[in-house]
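Q: The structure under discussion is supplied below as structure tokens; questions concerning it will follow.
Quick note: the coordinates plus some simple rules give every number you see, no bench work behind them. Just so you know, these numbers come straight off a predicted model, no measurement behind them. Positions of Cβ are generated from backbone atoms using ideal geometry, with glycine treated the same way; all protein chains shown enter the neighbour counts.
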Amino acid sequence: MLLEYHHFIMIATPYLVAILAVAAFTTAAEDTLDWWQTTVFYQIYPRSFKDSDGDGVGDLKGITSKMEHLKDAGIGAAWLSPIFKSPMVDFGYDIADFKAIEPLFGTIDDFKELKEKMTNLGIKLILDFVPNHSSNLSEWFQNSVKKIDPYTDYYVWVDGKPNADDPSKMDPPNNWLSNFGGSAWEWNEERGQFYLHQFAAGQPDLNYRNPVLVEEMKNVLRYWLDIGVDGFRVDAVPYLFEREDLPDEPKSGDPNAKPNEEKYLLHIYTQNQPETFDMISQFRAVVDEYKARDGHTRVMMVEAYANLTETMKYYGTPEKPGAHFPFNFQFISYLNNASTGQDVRDYVLQWEQNKPSWAWSNWVVGNHDNHRVASRFGPQLTDGINMLIQLLPGSAVTYNGEEIGMEDTFISWEQSKDPIALNAGPDRYTLFTRDPERTPFQWDDSTSAGFSQSETTWLPVNSNYKTLNLENEREATESHYKVYQKLVKLRNLNAIQTGALDIQAAGSNVVILSRYLSSEPSVIVAVNMGSDSETVDVTSLKGVSETLEVYTVSIESDLNEGDKVDPKAVRLGPKDGVVLLTA
Ligand code: NOJ
Ligand code: MG
């Protein structure tokens, strides 16, 4: 299967593509691609990255002190999970003041210092914008409870239904469920109404049917853009609007979901409503106001766990653009250690074929809401998966720690912090908890893995830190980190930035792909998803030459960098990946 990967020219025959691609791209890649298209975005989870003051929680000064690591890894942009004033019910995703820095993380001066350091290192700064909800402890919500304008209708307030048995009690207006379990409605005694919360009760949903609120939120974007940020990751966008007439949602029929769990219902009235896509375009127009002034693109990437049809709508249209891209969660939602090479090929193509032809791709493999790559795919596949994420066409997104192959940490019920885990209770929390992927970054083998001077940290450090840490991996001759660094470097190649993609399965277990661009060197990737050794023929791929040379390879492989390889017989051990270059 052959896919053209440049969005300007849509041509059917490979011959023409070759001719035009040379003319258009070999020398002009820098001119035609924008910074956000070629870069790797690195997600920093501030509570767990680096603690500078020994309170066991990460902070801004800590992040600033570790910026050289991003530079060393080749990262061009960092996205910080929320750093705003927050009671931390959902660890920063419950914001009490959208324009203030959370004191636990530092001050606005610390933020500006971080920004300056990043500017000096040439790393862009992306903030997390959380439009769907605020904290219930925000002034906005407190004033809304009291019906003080303009806040009266900042939230989704609805009258209750008198309880059939005891009419002095109120039932919620419908059956909607919170993402974190239980009813999505919370009774407020003082106002005498229910408010909607699609996440924790401490995260009341904002009311996007109120134009005053909409303008307020756009001004939040402008506030940080004025300070100089390079864009936003936008949180939980499917939830912005709900059907105004509040119909009950139908049951999903999922046999594994309990009646109070989010998956029990089909969310056809509370997610991905038509107004939501329009609001994303409105947010995009705000960031584009700034680009119009100085030509510098402020990027908008949105988080939407949705089916592909809905997800692709978040790109908007060329006339009315939405996000620069909605995150591509194919490797998170559908692929894991049981997937075959054929599955990988299928899910990659599913994304590429459903994406609007003019739109830019991206590949995400981890974040603070999903188990670690090494735990989902098995540690041996760490390198192979990073090869795919970095070398498939489009932007790449790395969650902090994935560059060194960090693993999930077991968190007992007593140690649990995540509100979803706490809502689920001791018997079911392991099904939902996000604590295992949020433990401190493992810098070295000193106290608390070099994350904090304190021996106790907000979540425990993984006990494997003595060996699994960045310092070790930097010193080792072979390591996940070294492979990662090489992959990021390879993204500078024209074949990776603008080349076409040919992706196939070799047998059922191995996925093979090439990225190629006329007379330029091509990049060939082979990843063995299976547990047996395999020898594969990659000559069916476009762009393969008579001999290939190993550029980088999984740390457990028998092959070494620089080895010459016969394209008819590429040897892969179990779960091995290899990146090959044509001469
Ligand atoms: C998605 C965020 O990534 C997650 O961590 C958070 O709990 C929800 N949105 C609610 O903000
Ligand atoms: Mg909402």
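Q: Please list, by residue number, every one of the trypsin sites (Lys or Arg not before Pro) in region 326-432 that is coil in DSSP and has at most 16 other beta-carbon atoms within 10 Å.
A: Lys417, Arg428
Q: Place +1 on the Cβ of every Lys and Arg and -1 on the Cβ of every Asp and Glu in region 84-149, take the dipole about the Cα centre, and give the residue among Phe105, Val89, Ile148 whose Cα lies farthest towards its positive end.
A: Ile148
Q: Please say if the chain is rounded, prolate or oblate, where rounded means a/c under 1.5 for a ≥ b ≥ c the square roots of the C-alpha gyration tensor eigenvalues, and otherwise the choice is prolate for a/b larger than b/c and oblate otherwise?
A: prolate
Q: Taking the Cβ of each residue in Ser508, Ser81 as the centre, tally the other Cβ atoms inside 10 Å and list the residues starting with the fewest.
A: Listing Ser508, Ser81 from fewest to most nearby Cβ atoms yields Ser508, Ser81.
Q: Still on this structure, I have one more. When the dipole is taken about the Cα centre of region 150-196, and only Lys, Arg (+1) and Asp, Glu (-1) are charged at their Cβ, what size is it in debye, to the nearest 20?
A: 120 debye
Q: Right, another one. Could you put Ile123, Ile95, Ile148 in order, starting from the residue whose Cβ has the fewest other Cβ atoms within 10 Å?
A: Fewest-to-most Cβ neighbours within 10 Å comes out as Ile148, Ile123, Ile95.
Q: Right, next: Take the alpha carbon atoms of region 85-139, find their center, do the same for region 495-543, and report the distance between the two centers in whole angstrom.
A: Centre-to-centre distance over Cα atoms comes out at 41 Å.
Q: Return the loop-located GluC sites (Glu not before Pro) in region 284-322 (DSSP other than H, G, I, E, B) with at most 11 other Cβ atoms within 10 Å of their own Cβ; answer none if there are none.
A: Answer by residue number: Glu319.
Q: Report the Cα centroid-to-centroid distance between region 241-264 and region 394-467 in angstrom, as an integer.
A: 30 Å
Q: My understanding is that a pair violates if its Cα-Cα distance is over 29 Å; which of Lys291/Lys313; Lys112/Lys313; Lys258/Lys417; Lys85/Lys117; Lys218/Lys263 do that in this structure?
A: Lys112/Lys313; Lys218/Lys263
Q: May I ask what percent, to the nearest 5, of DSSP beta bridges between residues of the chain are antiparallel?
A: 65 percent
Q: Can you return the lysines within cross-link range of Lys542? Criterion is Cα-Cα under 29 Å, with same-chain partners fewer than 8 residues away left out.
A: Here the lysines satisfying the reach criterion relative to Lys542 are Lys355, Lys482, Lys486, Lys489, Lys564, Lys568, Lys575.
Q: Just flag the GluC sites (Glu not before Pro) in region 181-210 sitting in loop per DSSP whose Cβ has no more than 15 other Cβ atoms within 10 Å.
A: Those that pass, being in a loop and sparsely packed, are Glu189, Glu190.
Q: Dipole size in debye (nearest 20) for the chain around its Cα centre, Lys and Arg Cβ +1, Asp and Glu Cβ -1?
A: Numbers: 50 positive and 85 negative charges, 191 e Å.
Here the chain has a charge dipole of around 920 debye.
Q: What list do you get for Ile503, Ile385 if you sort them by fewest beta carbons within 10 Å?
A: By the 10 Å Cβ count, ascending, the order reads Ile503, Ile385.
Q: To continue, here is another question. Give me the one-decimal nm value for the distance between modelled label points at Ser454 and Asp294, 7 Å along each residue's Cα-to-Cβ direction.
A: 3.7 nm
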